[in-house]
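Undergrad: Submitted below is the structure of interest, expressed as structure tokens.
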Amino acid sequence: MSWIKPYQATGLGSLPHQDELTALQVIAKAMPDWPHWPQLPAKMPEQGFVVQYVQPLIRLGVLTSRPLKDPVFVRTEPGWEDKAGNFYEQYLAFVNGDSRAEQTFALEGEAFAGLEAFIRNFNLCFPKAQGVKGHVSGPLTVGMQIKDERGRACFYDETLREILVHCLTAEAVLEARRLKTLGLPVLIFIDDPGLFLIGASTHITLTREAAAAALAAVIDALHTEGVKVGVHACAGIDWSILFALPVDVISFDAYHYFTGMALQADGLAQYLEQGGKLAWGLVPTSEEAWQETPASILRRFDEQCAELAGRGVDAAVLRQSIIWTPSCGTGALPVELAEHVYGLVEGVVDRLNS
């Protein structure tokens, strides 16, 4: 029996609202079966994509956060090696179940106000929920944004990359544990759109192996917690990277990047036959959404299914393996447009279930 039923929906995470309760109401209306907790980067910078899940490194002084939105590993600062050593001690203690070390990685404060509101108001807002969805920023994307003292992306440095992956892993594990307290199946997306850089002529030293290993570390830790794991990339990437990983859901922008997925139909077919699922981001998170309706989205979907069937993908398996989502997060959109996007997702799922 599938862990998620066909024709259900969830979201990527971010919304542009200024208060959590309003965001929860938007999510509850559009995604009552598999709600996600809201990330509100427009309300507070601590919820920004790059900084939200590296708060432990900032608190321990391993990352310098001046300004907050642009943290840097400055190994030339006095005492940096001691601070990094302290991080490793705390991380190893956390892995070994030390509750005091767990506090070092606690998901608390303004960075996780949305998660707190989600859990606190869950029974009221989501009485029909069949599962819950969380999210964590991906190691490659964050690692290409956070620099070292020379201005070089920290992902290229093995030591700094290891610190970053350990931090993101601990945060993801604690998020999984918090969401499991709700008593429902848990799905967590690792949001890593930076995967599109692999193979780019501008990043020739970025290896597929390093990116896959970083993702695998987070995926394996989450699977150990007994939760399902998805990877989201809202760009055109070599999907074979994800087909080769033990990922339960591949989340992609089916509105703009369907062709790239169709060109890898053989790998997709095998992934689906092995039980993998797709988060079908066919509702655009852009001004283009104003031109769409649930009917127009579904017409496009039928065309896409027909093309994949012509390339050897079992149409019935495909349709039974889809979770509906917006193509990306909506945190950078105007509120009215973001709510329209969520309304389109709701309308599509309603039509499919009618």
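Undergrad: Being farther than 27 Å from K228 by Cα and not in a helix (DSSP H, G or I) is the filter here, so list the residues in the range 7-22 that pass it.
TA: H17, Q18, D19
Undergrad: Is there any pair linking a residue in the range 87-99 that is within 15 Å of L160 (Cα to Cα) to one that is among the β-branched types (V, I, T) and not in a helix (DSSP H, G or I), with Cβ under 9 Å and at least six apart or on different chains, and which?
TA: If the second residue must be among the β-branched types (V, I, T) and not in a helix (DSSP H, G or I), the pairs left are F87/V62.
Undergrad: Considering only residues that are aliphatic (A, V, I, L, M), open to solvent by 20 Å² or more (accessible area, probe 1.4 Å) and part of a helix (DSSP H, G or I), which ones fall in the range 27-50?
TA: A28
Undergrad: Condition (residue is under 21 Å from S2 (Cα atoms) and open to solvent by 10 Å² or more (accessible area, probe 1.4 Å)) applied to the range 192-210: is it met by at least one residue? Give the steps one after another, and end with the answer.
TA: Taking the range 192-210 first, the residues under 21 Å from S2 (Cα atoms) are none.
Within the range 192-210, not a single residue is under 21 Å from S2 (Cα atoms) and open to solvent by 10 Å² or more (accessible area, probe 1.4 Å).
Undergrad: I'd like to verify a number: residues in the range 91-126 that are within 12 Å of L182 (Cβ to Cβ), assigned to a loop (DSSP other than H, G, I, E, B) and out of contact with any helix residue (DSSP H, G or I) (no Cβ under 7 Å at 6 or more places or on another chain), how many?
TA: Step one: list which residues in the range 91-126 are within 12 Å of L182 (Cβ to Cβ), which gives 115, 118-123, 125-126.
Then keep just the ones that are assigned to a loop (DSSP other than H, G, I, E, B); that gives 121, 126.
When the remaining residues are screened for being out of contact with any helix residue (DSSP H, G or I) (no Cβ under 7 Å at 6 or more places or on another chain), the result is none.
Within the range 91-126, residues that are within 12 Å of L182 (Cβ to Cβ), assigned to a loop (DSSP other than H, G, I, E, B) and out of contact with any helix residue (DSSP H, G or I) (no Cβ under 7 Å at 6 or more places or on another chain) number 0.
Undergrad: Just checking, how many residues over the range 191-234 are assigned to a loop (DSSP other than H, G, I, E, B), among the hydroxyl-bearing types (S, T, Y) and without any contact (Cβ under 8 Å) to a residue 24 or more places away in the chain?
TA: The initial filter retains those residues of the range 191-234 that are assigned to a loop (DSSP other than H, G, I, E, B), namely 192, 198-200, 204-207, 225-227, 234.
When the remaining residues are screened for being among the hydroxyl-bearing types (S, T, Y), the result is 205, 207.
If we keep only those that are without any contact (Cβ under 8 Å) to a residue 24 or more places away in the chain as well, we get 207.
The qualifying residues number 1.
Undergrad: Going by the structure shown, is Y53 at pLDDT 95 or above, aromatic (F, W, Y) and open to solvent by 30 Å² or more (accessible area, probe 1.4 Å)? Even if it seems obvious, please write down each step before you answer.
TA: Working: at pLDDT 95 or above: yes; aromatic (F, W, Y): yes; open to solvent by 30 Å² or more (accessible area, probe 1.4 Å): no.
Judged against the criteria, Y53 is not a match.
Undergrad: Please specify each residue of the range 282-311 satisfying the condition of being in contact with a Phe, Trp or Tyr (Cβ under 6 Å, 6 or more places away or on another chain) and under 19 Å from V231 (Cβ atoms). Give the steps one after another, and end with the answer.
TA: To start, the set of residues in the range 282-311 that are in contact with a Phe, Trp or Tyr (Cβ under 6 Å, 6 or more places away or on another chain) comprises 282, 284, 304.
Selection gives L282 alone.
Undergrad: For the range 240-262, how many residues meet the condition of being over 16 Å from the mean Cα position of the chain (by Cα), closer than 16 Å to G276 by Cα and of a type in the set (F, W, Y)?
TA: Summing the residues that are over 16 Å from the mean Cα position of the chain (by Cα), closer than 16 Å to G276 by Cα and of a type in the set (F, W, Y) in the range 240-262 gives 1.
Residue-wise test of (1) farther than 23 Å from L195 by Cβ; (2) without any contact (Cβ under 8 Å) to a residue 24 or more places away in the chain; (3) surrounded by fewer than 16 Cβ atoms within 10 Å (Cβ to Cβ).
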{"position": "R120", "(1), (2), (3)": "yes, yes, yes"}
{"position": "G131", "(1), (2), (3)": "yes, no, no"}
{"position": "G134", "(1), (2), (3)": "no, no, no"}
{"position": "P139", "(1), (2), (3)": "no, no, no"}
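Undergrad: Here is a follow-up. Output the residues belonging to the range 141-160 that are more than 19 Å from E209 (Cα to Cα) and without any contact (Cβ under 8 Å) to a residue 40 or more places away in the chain.
TA: R150, G151, R152
Undergrad: Can you tell me which residue within the range 214-254, out of those that are open to solvent by 60 Å² or more (accessible area, probe 1.4 Å), in contact with a helix residue (DSSP H, G or I) (Cβ under 9 Å, 6 or more places away or on another chain) and not charged (D, E, K, R), is nearest to I163 (Cα to Cα)?
TA: T224
Undergrad: Let me ask you something else. Would you say F155 is within 24 Å of Q25 (Cβ to Cβ), of a type in the set (F, W, Y) and either under 15 Å from the mean Cα position of the chain (by Cα) or open to solvent by less than 30 Å² (accessible area, probe 1.4 Å) (or both)? Don't jump to the end; show me each part of the working.
TA: On the way: within 24 Å of Q25 (Cβ to Cβ): no; of a type in the set (F, W, Y): yes; either under 15 Å from the mean Cα position of the chain (by Cα) or open to solvent by less than 30 Å² (accessible area, probe 1.4 Å) (or both): yes.
No.
Undergrad: Quick check on my filter: what residues within the range 295-325 are crowded, with 18+ Cβ neighbours inside 10 Å and of a type outside the set (S, T, N, Q)?
TA: Matches in the range 295-325: I297, F301, L308, V313, L318, I322, I323, W324.
Undergrad: Of the conditions (1) modelled with pLDDT of 95 or more; (2) open to solvent by less than 20 Å² (accessible area, probe 1.4 Å), P71 fails just one. Which one is it?
TA: (1)
Undergrad: For the range 163-170, check the following and say yes or no: at least one residue is at pLDDT 95 or above, outside any helix (DSSP H, G or I) and open to solvent by less than 50 Å² (accessible area, probe 1.4 Å). Before the answer, list the steps.
TA: In the first step, residues of the range 163-170 are kept if they are at pLDDT 95 or above; the result is 163-170.
Adding the requirement that they be outside any helix (DSSP H, G or I) leaves none.
Checking the range 163-170: not a single residue is at pLDDT 95 or above, outside any helix (DSSP H, G or I) and open to solvent by less than 50 Å² (accessible area, probe 1.4 Å).
Undergrad: Output yes when any residue across the range 180-190 is in a helix (DSSP H, G or I) and open to solvent by less than 20 Å² (accessible area, probe 1.4 Å), and no when none is. I'd like the intermediate steps shown before the answer.
TA: Quick first cut of the range 180-190, residues in a helix (DSSP H, G or I) only: 180.
Filter once more, keeping what is open to solvent by less than 20 Å² (accessible area, probe 1.4 Å): none.
Checked against the condition, which is being in a helix (DSSP H, G or I) and open to solvent by less than 20 Å² (accessible area, probe 1.4 Å), the range 180-190 yields no hits at all.
The values are calculated or read from the model by the stated rules, or taken from the named source; none is laboratory data. Not measured: the values here are computed from a predicted model. As a convention, Cβ positions derive from the backbone with ideal geometry for all residues, glycine included, and neighbour counts pool all protein chains shown. Ligands, DNA and RNA are excluded from the accessible area calculation, which covers all protein heavy atoms including side chains. Shrake-Rupley method; radii C 1.70, N 1.55, O 1.52, S 1.80 Å.
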